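Worksheet: one structure, shown below.
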Amino acid sequence: MEARKKTAREVERHIVARVGDVPEGEHRIFSVAGREIGIFNVRGEYFALRNRCPHLGGPLCEGEVLGLVYSSKPGDVRFDGSKRLITCPWHGWEFDVKTGQSYFNPRLKARRYTVETSVGEASRERQEAVPENPDELEPGPYKAEVLQVKEEGEYLVVAMPKSTAGRERGAS
Amino acid sequence: MTTPLLEGKSRRELWSGPIIDCDVHANVPSLEALFPYQEEVWAQFARDRGWGGPTGVDIAYPAGAPTTARPEWRSEGSVPASDVAMLREHILEPWDVERAVLNCYYAVDSLRHPDWAAALARSVNDWVVAEWLDKDPRLVASMVVPARDPAAAVKEIERVGDHPRIVQVLMPVRSERLYGQRVFFPIYEAMTRRDLVMGLHWGGTPEGEPSTGGFPSWYAEEYAAETQSYGAQITSLIAEGVFQQFPDMRVAVLEGGFTWVPGWGWRMNAEWKGLRREIPWVDRPPMDIIRDHFRFSIAPIDAGPPQEMAKIIKWIGTEDILMFATDYPHMHNDDVGAFLELLPESMRRKVMADTARDLYRL
Ligand code: FES
């Protein structure tokens, strides 16, 4: 409890880029206070993920952002472009750009799930998120680190905790 | 009473519970033995051409090769395992089996003639029913199909697949095409509708490469390489979504070993996690599909040192996957007693009888 309060107190806001630096449908990696952060522009909405895969630490944000492919049986290949999944360049696992949730298990199971943003301003609220295809997806075991990003005037501002900032893998 | 496999122990000393032998063989002694079960035209074709039977038989088990039959199971002037009296004397009595699954692999699909191959399959199946099943109530059997011709295979399943003691459709592991491919789906449809098991068995067409890299030069090499074909077929069945299309389908992997399964599983699970969007119908890790849909015979065991073997069993991650088999009359020098000893107590009964009983609904 003590540690959590401390983390919350030390959240700092960083101006990362100008709004036009991340065109719609694309993502860019920025170095912020010694950490690499991927900023994603999904139809004018911004999302931020740490450039570090929760699986084995790969440079997650260097991957491609793809839509969701799902199926009920062979020959039935469906596509849902509303879902945006970043695919890790190391082992190809998929993570929801918006929530950081890993997916590789698209079982046909309706399931609501709870995510807790681990870092950033919303970290003390438990949010209930429902995937856009609630009938198609079951979350995997990992969650990439999500950061809060906001458009403030002409800048993109990321909130992140100061205390855990450290040396980044591959950062130079 | 003992047999060579029992290594001087009595059957009860080795295992006092029930035994189901999931892989015993019937060998067609000669093509002529099938003539009474064939339309005359095919017998005449064979005589006309001096054709003595499918070549695939000798590819899997050349008559003189040591693996083909234990010396104790050979008899002067007759083909090993070629009648029910031999099977009784060598296996059914000494092992006191409750049920045995009889596999007559006759390489029917190494014959390319589409009508003749189908006729040959019909005659093998009718011969098995008349000369074996009708003569011993402990036997259930596999049927053979001309597997390279799915339409003909379906017809044959429709003809004999409802026989109450036909429990399995034998598919030789060597094939020209991988069995997961959709062209084979009608076979699986016919099979699962009758609750028959797919028996993925040693052997196959001479055109089907026994290794995944081509044709080996030597018999020893071919024998060792053929194990790779099992991995290729299983990978294909899983990747192509056969178990999503046919959720009731069950596969018995016969004579393929099983010690390679954990390594295969680790690789497949990893590939699937990263690349599942290419095969989005595969709805769970491949190793989970193995545990749900596949069973493996323990002939051969390919046992290494006991402590390593125990690890392999653990890595497979379920007690419900292995089934006892003698693979009569083929020779594997595995020590069944030593193997049983390293299994957890709760698993022995499953291996010796219960898993096969469940799989084949015996
Ligand atoms: S490190 Fe990202 S998927 Fe393995």
Checklist entry - Looking at (1) without any contact (Cβ under 8 Å) to a residue 40 or more places away in the chain; (2) buried (at least 23 other Cβ atoms within 10 Å of the Cβ), which is the one condition that is false for residue B:144? => result (1)
Checklist entry - Looking only at residues in the stretch A:33-67 that are within 12 Å of the ligand (Cβ to nearest atom) and over 15 Å from residue A:146 (Cβ atoms), which one is surrounded by the fewest Cβ atoms within 10 Å (Cβ to Cβ)? => result A:56
Checklist entry - If you scan the stretch B:320-344, which residues turn out to be modelled with pLDDT under 95 and among the charged types (D, E, K, R)? => result B:327, B:334, B:335, B:341
Checklist entry - From the residues in the stretch A:67-93 that are under 25 Å from residue A:38 (Cα atoms) and at the interface with chain B (Cβ under 7 Å from one of its Cβ atoms), which one is nearest to the chain's Cα centre (by Cα)? => result A:93
Next on the checklist: So for the stretch B:31-50 (the condition being without any contact (Cβ under 8 Å) to a residue 40 or more places away in the chain and under 28 Å from residue B:20 (Cα atoms)), does at least one residue qualify?
Outcome noted: no
Checklist entry - For the stretch B:25-132, list the helices (runs of 4 or more DSSP H) that sit wholly inside it and hold at least 2 residues that are under 20 Å from the mean Cα position of the chain (by Cα); which are they? => result B:56-60, B:84-87, B:114-131
Next on the checklist: Can you confirm whether residue B:239 is more than 17 Å from residue B:296 (Cα to Cα) and open to solvent by less than 30 Å² (accessible area, probe 1.4 Å)?
Outcome noted: yes
Checklist entry - In the stretch B:147-229, which helices (runs of 4 or more DSSP H) lie fully inside it and hold 3 or more residues that are among the charged types (D, E, K, R)? => result B:150-160
Next on the checklist: Considering only residues that are among the basic types (Lys, Arg), within 13 Å of another protein chain (Cβ to nearest Cβ) and either farther than 23 Å from residue B:227 by Cα or buried (at least 17 other Cβ atoms within 10 Å of the Cβ) (or both), which ones fall in the stretch B:260-303?
Outcome noted: B:273, B:276, B:277, B:284
Checklist entry - So is residue B:313 part of a helix (DSSP H, G or I) and over 18 Å from the mean Cα position of the chain (by Cα) or not? => result yes
Item to check | Scope the stretch B:304-331; condition open to solvent by 50 Å² or more (accessible area, probe 1.4 Å) and hydrophobic (A, V, I, L, M, F, W, C); matching residues | outcome: B:315
Checklist entry - Is there a residue in the stretch B:99-113 that is buried (at least 19 other Cβ atoms within 10 Å of the Cβ), free of Cβ contacts under 8 Å to residues at least 60 places away in the same chain and in contact with a strand residue (DSSP E or B) (Cβ under 9 Å, 6 or more places away or on another chain)? => result yes
Item to check | First in the stretch A:74-103 and closer than 16 Å to residue A:143 by Cα and within 14 Å of the ligand (Cβ to nearest atom), second anywhere and in a loop (DSSP other than H, G, I, E, B) and acidic (Asp, Glu), Cβ under 9 Å, 6 or more apart | outcome: A:100/A:145
Next on the checklist: Pull out all pairs, ordered by first then second residue, where Cβ-Cβ is under 7 Å, the residues are six or more apart or on different chains, the first lies in the stretch A:138-155 and is away from chain B (no Cβ under 14 Å), and the second is charged (D, E, K, R) and open to solvent by less than 80 Å² (accessible area, probe 1.4 Å).
Outcome noted: A:144/A:50; A:145/A:50; A:147/A:50; A:148/A:121
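The values are calculated or read from the model by the stated rules, or taken from the named source; none is laboratory data. The structure displayed is predicted, hence computed values, not measured ones. Every residue, glycine as well, gets a Cβ built from its backbone with ideal geometry; the counts of neighbours run over all protein chains shown. The accessibility values were calculated without ligands, DNA or RNA, using every heavy atom of the protein model including side chains. Shrake-Rupley method; radii C 1.70, N 1.55, O 1.52, S 1.80 Å.
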